[in-house]
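**Q** Before we start, here is the structure in question, set down as structure tokens.
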Amino acid sequence: MKTSCHKQDCTAVHSKLKSAGLLLLFVLMAFYSLQDIPLIYPSYFPFPAYDFKSRPLKRAVIQLGRKLFYDPVLSRSNTVSCSSCHQQEHAFSDAGNRLSTGIEDGIGDRNSPAIFNLAWQKTFMWDGSVGNIDVQALAPINHPKEMGEDINAVVRKLNASKEYRTMFYRSFGDSLATAERVMKALSQFQLTIVSANSKYDQVKQGKATFTGKEIKGYELFRKNCNACHTEPLFSGYGFANNGLPVNPDLKDYGKWNKTMDPQDRLMFKIPSLRNLAYTYPYMHDGRFGTLHEVLEHYEKGIVQTPGLAKELQQPIVFNAEEKEALLTFLATLNDSTLVSDRSFRKPE
């Protein structure tokens, strides 16, 4: 027995089925985007400092943060983005520039730190003045020489964008952009930037072996550098006075600038030694353009000031062969995957 339907009835049925299918697809996509996803990192890394249990990663929020990271809409002049000073090809640093540059050719107060492995850090900025990555982006956005913008103005610009309203809806269940949501999205994207695929990491995973020179450099590193630049992150992300003379132009005294506590004088956050090939120049003010200059400082440039790290109260002396070996080992910490990973690039 054959069945038939009126053409209009069939069209209506097909239309309803199509609408139901699209609705189901949308629901599935929303569910997929808002699922909790884990942070991927090697088993030999310590447990992250960031509380992912109460603030889990979400795909849609990460993608929103990625777009915001590359969008100059965050600046007053709509010309400077986070990526302007944190470029992927330079391990999310501002390689080549001593101090950060901002809107209207403004020059910041410090060298832009590299952005990776942030989930293991409890404080941010060279002086540790920000204690939560979920609000860290407010500092450069509000800085008059960097982005020079008010976060409320940023929110107004985002709410005027149909594309952003859609992305906020996918990320948070409604289309309203707020300061809190902007900060959360930026932090979620940055938390996913993990550097863990250097030759050092491959050796740790049994996928590669060090050369003889790299082994010698590793031994020198563990003897002379590991106290502050602790493996496997190559920083404990604490603070230290490493004997740098005060820059007379900047008059930067590190944590003391904020706390006025004498014990914090000349205390700066200890950076990771990962990806040094990509993140020159070095130190909080970018005063050293090469690693040879850095080693020269530790040999004969240390200023004996109160609070100087005890490990530096005696000069560290290397002969030419030892310097070469140490620098050869440090090169094993460069992560070429990080600087080319498509998932961190500017969205198409």
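The values are calculated or read from the model by the stated rules, or taken from the named source; none is laboratory data. Please read these numbers as outputs of a predicted model, since none were measured by experiment. Glycine also receives a Cβ, built like all others from the backbone with ideal geometry; neighbour counts cover every protein chain displayed.
**Q** Counting just the residues of region 91-137 that are at pLDDT 95 or above and part of a strand (DSSP E or B), which one comes out nearest to Asn334 (Cα to Cα)?
**A** That would be Ser93.
**Q** Kindly evaluate Glu322 against the criterion of being more than 20 Å from Phe239 (Cα to Cα), without any contact (Cβ under 8 Å) to a residue 12 or more places away in the chain and in the same structural domain as Met267 (by TED's automatic domain parsing). Steps first, answer last, please.
**A** Numbers: more than 20 Å from Phe239 (Cα to Cα): yes; without any contact (Cβ under 8 Å) to a residue 12 or more places away in the chain: no; in the same structural domain as Met267 (by TED's automatic domain parsing): yes.
No, not satisfied.
**Q** Got at least one residue in region 271-292 being touching a residue at least 60 places away in the same chain (Cβ under 8 Å), of a type in the set (S, T, N, Q) and within 18 Å of Tyr218 (Cβ to Cβ)?
**A** yes
**Q** Looking at this structure, is Val294 outside the structural domain of Ser129 (by TED's automatic domain parsing), assigned to a helix (DSSP H, G or I) and of a type in the set (Val, Ile, Thr)?
**A** On the way: outside the structural domain of Ser129 (by TED's automatic domain parsing): yes; assigned to a helix (DSSP H, G or I): yes; of a type in the set (Val, Ile, Thr): yes.
For Val294, the condition - outside the structural domain of Ser129 (by TED's automatic domain parsing), assigned to a helix (DSSP H, G or I) and of a type in the set (Val, Ile, Thr) - is met.
**Q** On to the next question. Can you name the condition, by its number, that Gln314 falls short on among (1) part of a loop (DSSP other than H, G, I, E, B); (2) assigned by TED's automatic domain parsing to the domain that holds Trp256; (3) touching a residue at least 12 places away in the same chain (Cβ under 8 Å)?
**A** Gln314 satisfies every listed condition except (3).
**Q** In region 48-62, what residues are in contact (Cβ under 8 Å) with a residue 40 or more places away in the chain and either in contact with a Gly (Cβ under 6 Å, 6 or more places away or on another chain) or outside any strand (DSSP E or B) (or both)?
**A** Answer for region 48-62, where residues must be in contact (Cβ under 8 Å) with a residue 40 or more places away in the chain and either in contact with a Gly (Cβ under 6 Å, 6 or more places away or on another chain) or outside any strand (DSSP E or B) (or both): Pro48, Ala49, Tyr50, Phe52, Arg55, Ala60, Val61, Ile62.
**Q** In addition: Condition check: in a helix (DSSP H, G or I) and of a type in the set (S, T, N, Q). Does Thr166 satisfy that? Working first, answer last.
**A** Working: in a helix (DSSP H, G or I): yes; of a type in the set (S, T, N, Q): yes.
Yes, satisfied.
**Q** Same structure again: Do we have any residue at all in region 99-109 that's closer than 21 Å to Tyr280 by Cβ and in contact (Cβ under 8 Å) with a residue 60 or more places away in the chain?
**A** Yes.
**Q** Right, next: Show the residue pairs that are 6+ apart or on different chains and have beta-carbon atoms under 6 Å apart, the first residue being within region 165-179 and over 16 Å from Ile62 (Cβ atoms), the second being surrounded by fewer than 20 Cβ atoms within 10 Å (Cβ to Cβ) and of a type in the set (D, E, K, R).
**A** Taking only residues 6 or more apart or on different chains, the pairs are Ser175/Arg165.
**Q** Go through region 99-134 and report how many residues are surrounded by fewer than 18 Cβ atoms within 10 Å (Cβ to Cβ) and within 23 Å of Phe234 (Cα to Cα).
**A** Going through region 99-134 one residue at a time, the tally reaches 5.
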